[in-house]
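Only one structure is covered here, and it is reproduced in the block below.
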Amino acid sequence: MPLITAGSDGRRMQVAAADRAALALGIRPGMALAHARAMVPGLVVEDADPEGDSAALARMAAWCLRYSPLTAGDHPDGVWIDITGCAHLQGGEAALLADMLERIAGGGTQARAAAADTPGAAHAVARFGPDQAAVVASGGHQAAIAPLPTAALRLPPETVSALRRLGFERVGQMAETARGPLVRRFGQQVALRLDQASGRVFEPIQPAVPDGVAAHRLAFIEPLLTAEAFGTVIDELLKAVCGELEAAGQGARRLDLLFERIDGSVQAVRTGTSAPSRDAAHLARLLRERLETVDPGMGVEAMQLRVPLAEAQAFRQAAGLAGGDHPEGGGIAALIDRLENRLGPGSVWRAAPVGSDVPERSVAAIPAAGGAPACSWPPGLPRPVRLLDPPQPVAAIALLPDQPPVAFTWRRKRHRIMRADGPERIRGEWWRRNAEVAAVRDYFAVEDEEGCRFWLFRRGDGSDPASGDLRWFLHGLF
Amino acid sequence: MPEQADIHASALAAVGLTPDRVVYVHARKPQTVRLAMEEGLRHRGLSGVVVEFGGALGRTASRRLQLAAGQSGVTAFLLRRSRRFDDPVLLEPGAAVTRWRVATVPSGPPLPLPPDTPGLGRPRWRLDLIRCRGGEPHSWIVEAFDAAGCCGLVSGVADRSSQAELRRTGA
């Protein structure tokens, strides 16, 4: 059943929004409600709720803070996200957009997304581009918006229709025309939108401030430029924010430091901790290390520190008697934070046992701060210290299927086998892949004449051809 | 801190480095490896930092690491692995207190009446102490630790191996 919302514009009731079924029947927002009812009998009409829409948009913008510290609602139906310096955390711009659209779709909302150099170009491509998720290559935004209709420039509908009457269908045509006559005819806004889309005029995003977040802002009399000055401000901000956190019994998991530049733009630095923390010295160190990524431009007139993600943190005595055995700079979690902050996410991990006999599947990387896994691997099995993944094919000579090879050649070097243990038979895990239903590997631990130890396996058990092709592989070095 | 992520955790667990005692760090660039190593060495809560480093370390970096280890008391193990025996990187001078060269040697004689291909004995290594501040260079042939956790010192005579615990005091 087609659904529309209707609101009054002061003179008459008109269609405010229409769902896909209603749009397909020819109903357009802005149409008189009586007209729409006449076109489609049985139309479901709900009252429009503009305040509710804005509140929902603000919630959406706050949700998008998971991707970047700078987000803002773009009335009536969009969210700006400044992903400068944040995309790598999600594995690139395309991966970020895909992840975001998947999560939004999971919530039952249809969305389109675009990433581009300028907010204007991203706005246009997201709404009028061909793809649901589009990443415009850096520097390619002019070419990307040129084929889009003039409505993509955020112009009022009457301007768009007037432009169409004059023969302007595409943004590209407008960009090529002389500015003077355009501005005389349509006002300054047309030129402004063109310049914003192309990046000639900078367009700041006014970030949304979510509720319930520990935050502190310091404004300066003179704009700041140097890293030392920023460091001092970070200390001051942290003193205030850590006090707030302590009063709430919480510790920060994520910190956003916003630099408000005098040209109106905002630069952001985001850092995270692996365990909740309100240790000002530790957090200051994390933030200072990221200062080199900030471009202060002509100067920074205010700085703001926010804690968008905080978790409960128990109170603990910070220091006992002098000379206590507390490690300097906090426990291992502080070290993990510092390393992860420097090396990027995913570079610090612990190994956790996995219940699998296939050697390359028996280890999983888990977050280092999450604590230690309880179980361990079965003891007593020979396992090499270096595991080659994938196993490297070697040329080996074996006399009988159940005997270790006599010699093998790896990296053009021939190793004569003097001693060997084996075979240890490992079967494929048929519940994972069809190809492993009959697969068998026979592992041998061998030692060559120099004492070097290798872990070799043969694909197949030697009698059933389905179990493998009897080729030899080197899987590890002891 | 493995340079290539080919370290197999279950083998480490078998020699006592169980998952709850090891934190792995993967740093891609040489300068970040140095940085991560120094960061670890300045943290008194660790018992040791093991780093595998492929390229040339440089005298200044080596000195920095030695200072960091000296201040915190955390032992640093810098593993240099090369495919070639005469790789100049292996002979690069550094500020470390000790420098060892570890090579494999064939394991001990098999039991009497072995099959055609005898089984593996305890692994043996040749340890060369190349440089030691305030000490003399020396060489040993050692055998992997037994059930009691002791390294065996292999003497020339096969059936008279003296038990001696070997401690690496490298930095």
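The values are calculated or read from the model by the stated rules, or taken from the named source; none is laboratory data. Source: prediction; values computed, not measured. As a convention, Cβ positions derive from the backbone with ideal geometry for all residues, glycine included, and neighbour counts pool all protein chains shown.
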- Which condition number in (1) more than 10 Å from chain A (Cβ to nearest Cβ); (2) at pLDDT 80 or above is the one that B:Val33 fails? (1)
- B:Asp20 vs (1) in a helix (DSSP H, G or I); (2) more than 23 Å from A:Arg342 (Cβ to Cβ); (3) more than 10 Å from chain A (Cβ to nearest Cβ); (4) not aromatic (Phe, Trp, Tyr): all pass except (3)
- Query: Within segment A:370-392, can one find any residue that is away from chain B (no Cβ under 11 Å), of a type in the set (A, V, I, L, M) and assigned to a loop (DSSP other than H, G, I, E, B)?
  - Reply: no
- Note: among A:Ala34, A:Ala24, A:Ala94, just one is surrounded by 12 or more Cβ atoms within 10 Å (Cβ to Cβ) and either over 30 Å from A:Ser138 (Cβ atoms) or of a type in the set (A, V, I, L, M, F, W, C) (or both), namely A:Ala94
- With respect to A:Val190, is the statement that it is out of contact with any Phe, Trp or Tyr (no Cβ under 6 Å at 6 or more places or on another chain), touching a residue at least 24 places away in the same chain (Cβ under 8 Å) and either charged (D, E, K, R) or in a helix (DSSP H, G or I) (or both) true? yes
- Message: Return the residues of segment A:344-359 that are over 19 Å from B:Leu46 (Cα atoms) and facing chain B (nearest Cβ under 9 Å); say none if nothing qualifies.
- Response: A:Gly344, A:Gly346, A:Ala352, A:Pro353, A:Pro359
- When only residues in segment B:71-84 that are at pLDDT 80 or above and assigned to a loop (DSSP other than H, G, I, E, B) count, which is surrounded by the fewest Cβ atoms within 10 Å (Cβ to Cβ)? B:Gly73
- Top-ranked residue in segment A:332-357 [being under 27 Å from A:Glu289 (Cα atoms) and outside any helix (DSSP H, G or I); ranked as nearest to the chain's Cα centre (by Cα)]: A:Pro345
- Which residue out of A:Arg217, A:Arg200, A:Arg184 is of a type in the set (D, E, K, R), surrounded by fewer than 19 Cβ atoms within 10 Å (Cβ to Cβ) and assigned to a strand (DSSP E or B)? A:Arg217
- Message: Can you tell me how many residues within segment B:40-76 are within 13 Å of another protein chain (Cβ to nearest Cβ) and either among the hydroxyl-bearing types (Ser, Thr, Tyr) or farther than 24 Å from A:Ala352 by Cα (or both)?
- Response: 9
- Test each condition in (1) surrounded by fewer than 16 Cβ atoms within 10 Å (Cβ to Cβ); (2) at pLDDT 85 or above; (3) under 30 Å from A:Ala55 (Cα atoms) for A:Ser161 and report the one that comes out false. (3)
- Task: Could you please let me know if A:Ala215 is within 16 Å of A:Leu309 (Cα to Cα), touching a residue at least 12 places away in the same chain (Cβ under 8 Å) and out of contact with any helix residue (DSSP H, G or I) (no Cβ under 6 Å at 6 or more places or on another chain)?
- Result: yes
- Task: For segment B:40-59, enumerate the residues that are of a type in the set (A, V, I, L, M) and under 15 Å from the mean Cα position of the chain (by Cα).
- Result: B:Val49, B:Val50, B:Val51
- Message: Looking for something within 17 Å of A:Gly231 (Cβ to Cβ), modelled with pLDDT of 85 or more and either within 14 Å of chain B (Cβ to nearest Cβ) or surrounded by fewer than 19 Cβ atoms within 10 Å (Cβ to Cβ) (or both) - is there at least one such residue anywhere in segment A:303-320?
- Response: no
